[in-house]
Every structure is written in structure tokens, then in C-alpha cells.
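What follows is a set of notes on a single structure, which appears directly below.
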Amino acid sequence: MRLQLEKQLLFLSLLCILSKVCAQLCRRPCYCPWVPPRCPRGSPLVLDGCGCCKICARRLGEPCDFLHICDQSQGLVCDYSSAPAGTGGTCNFEDDEEGCEVNGRLYRDGEVFQPSCKIQCRCSDGGFNCIPLCQEDVRLPTPDCPYPRRVEIPGKCCPEWICEAQDQQLLRDARAAAGAPLLRYPCQEWSTEWSPCSATCGLGLATRVSNQNHHCRLETQRRLCSLRACPAPPAAFPARGRGGRL
């Protein structure tokens, strides 16, 4: 607040000085070029400080003075606060706290804007908050779409999910040669790890759950396993006869 008050006082003092200079700078009648100047992009044609000839409005950060005025449509004013006395100023925002700047453009407090087609922002207290306009959903594989992929579509802003078909001809030919029925959709193989062997020595069984079969259905599968050979049983000692001697 104090800074804003100091700017206003400085502006009033400069206004008094400029009013005296105005009579010297603004001459009548006006003598303006027959063809108006060609302005760079984003700089409109406006009347100079004397209201006489059309000039290109000065943009943010460009030098300005009484004749060369700033682009008021963007909320710019000629800021003399950091300029030495008797020199020109610099185009700056009238009040930085009441707006926000994005990509060189000023937005008013509370104004809603879209820097791109994918996000929407709102200017608030000198900053801005944005929300996405494209859905961030996740698509899991399904039997009719086993390989979903998100891609950019030409002419559309938001990416879309597509079902990418992979070549399953070799798998189909192998199943047909084995006499297995063909599935209506590609089988996405899945299985658990094999369980520990059921026996610590000798032959045992290990199990797992898998869909690696002709019908692509979950089933419990078993296989033989052997960790190590079991030790041989101890040899039997011969019976000792009566009256016998060692």
C-alpha cells in the first residue's frame, strides 16, 4: 500500500511537469506521415500523447515518454519511478498485484484464460491456478483391447486411447496345427511362480496357477521335482545265535 501511494505522488508531480512541457511538444497543426507506421505483432496503432499522429503503442519493458505512450489495452503505463529526472520511463503494469502475466500477456485478477487447449487457468492475486482439460484416465487391457495405447490424434487437442493390434498369426497357426480350438481374442499369458517342492528329498510335486493352455483358462498345473536324493537306509545287522561267539 505504501509503495502504491508513493507511485501515485510521484505520478502527480510528474504530471505537473509534463503539463508544462506539453505546450512545447504538441504543436498545431499536426504534421503526420501520409502512411501510418507498420507495427510489430501485438503492438496496436494509437494516437501519440498529443492526440495528433498515429504511432505504435509501446509494449512491456519498452521505453516510453509523453509522446510515445504505452499500450493501455494491456494495462501498461509509462513508469518513471526508476528513471532519472528529466528522462523517459519504461512501460510497466499499472499494478502488478492486480493481475498476472503469462507468455507476455497481462490478465486481470479473476480472469479465466487458456494458455493452451489442454489447460484452463484463472488469474488470482498476482498468480494463476490451472486445471487440466484432458482426462487423465487409465485404460487396462481387456479381451477386446489387449494392447491399449494413448496417442496424439492430428486435429485433436487431447490424446486418445487406441487398441493396438499385434500380429498373432504365428500363434494361431501353431494352435491350429496342434488341433487346438482358435480363440476369438489373443491370449495374454499369465502364471504364478512354481511353489516349493513338496518333498525335501526324492520325488515331489510343485504347483502353480497359469492360463497357458488351449482354452486360455486359469488352472492349477503340477510338475515333478527333486531337490536331492534321499539317503540310503542303514544296513541291517545279522541276528546273533544262541551260544554263538563273536
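The values are calculated or read from the model by the stated rules, or taken from the named source; none is laboratory data. Small disclaimer: the values here were computed from a predicted structure and weren't measured. A quick note on method: Cβ atoms are made from the backbone with ideal geometry, for glycine too, and the neighbour counts reach across all protein chains shown. Protein only, heavy atoms only, side chains kept; ligands, DNA and RNA dropped before computing areas. Shrake-Rupley method; radii C 1.70, N 1.55, O 1.52, S 1.80 Å.
Some points to look at:
- Scanning the range 59-89 for residues that are of a type outside the set (Phe, Trp, Tyr), over 34 Å from the mean Cα position of the chain (by Cα) and on the phi < 0 side of the Ramachandran plot yields a total of 18.
- Flag if ARG27 is over 30 Å from LEU133 (Cα atoms), loosely packed, with under 13 Cβ neighbours inside 10 Å and at pLDDT below 85: yes
- When the criteria are applied in full, CYS123 meets the requirement of being surrounded by 11 or more Cβ atoms within 10 Å (Cβ to Cβ) and at pLDDT 85 or above.
- Of all residues in the range 213-245, those being within 30 Å of CYS187 (Cα to Cα) and at pLDDT 80 or above number 7.
- Scan of the range 129-147 for residues that are open to solvent by 100 Å² or more (accessible area, probe 1.4 Å) and in a strand (DSSP E or B), ordered by number: ASN129
- Subset of the range 198-215 (residues that are part of a loop (DSSP other than H, G, I, E, B), open to solvent by 30 Å² or more (accessible area, probe 1.4 Å) and either within 24 Å of ALA229 (Cβ to Cβ) or touching a residue at least 60 places away in the same chain (Cβ under 8 Å) (or both)): SER198, THR200, CYS201
- Residue within the range 67-81 that is part of a loop (DSSP other than H, G, I, E, B), touching a Ser or Thr at 6+ places or on another chain (Cβ under 7 Å) and either farther than 30 Å from CYS26 by Cβ or without any contact (Cβ under 8 Å) to a residue 60 or more places away in the chain (or both) present: yes
- Applying the condition of being in a loop (DSSP other than H, G, I, E, B) and crowded, with 18+ Cβ neighbours inside 10 Å to the range 49-58 and asking which residue is farthest from the chain's Cα centre (by Cα) yields GLY49.
- Number of the exception - SER13 against (1) part of a strand (DSSP E or B); (2) polar (S, T, N, Q); (3) modelled with pLDDT under 85: (1)
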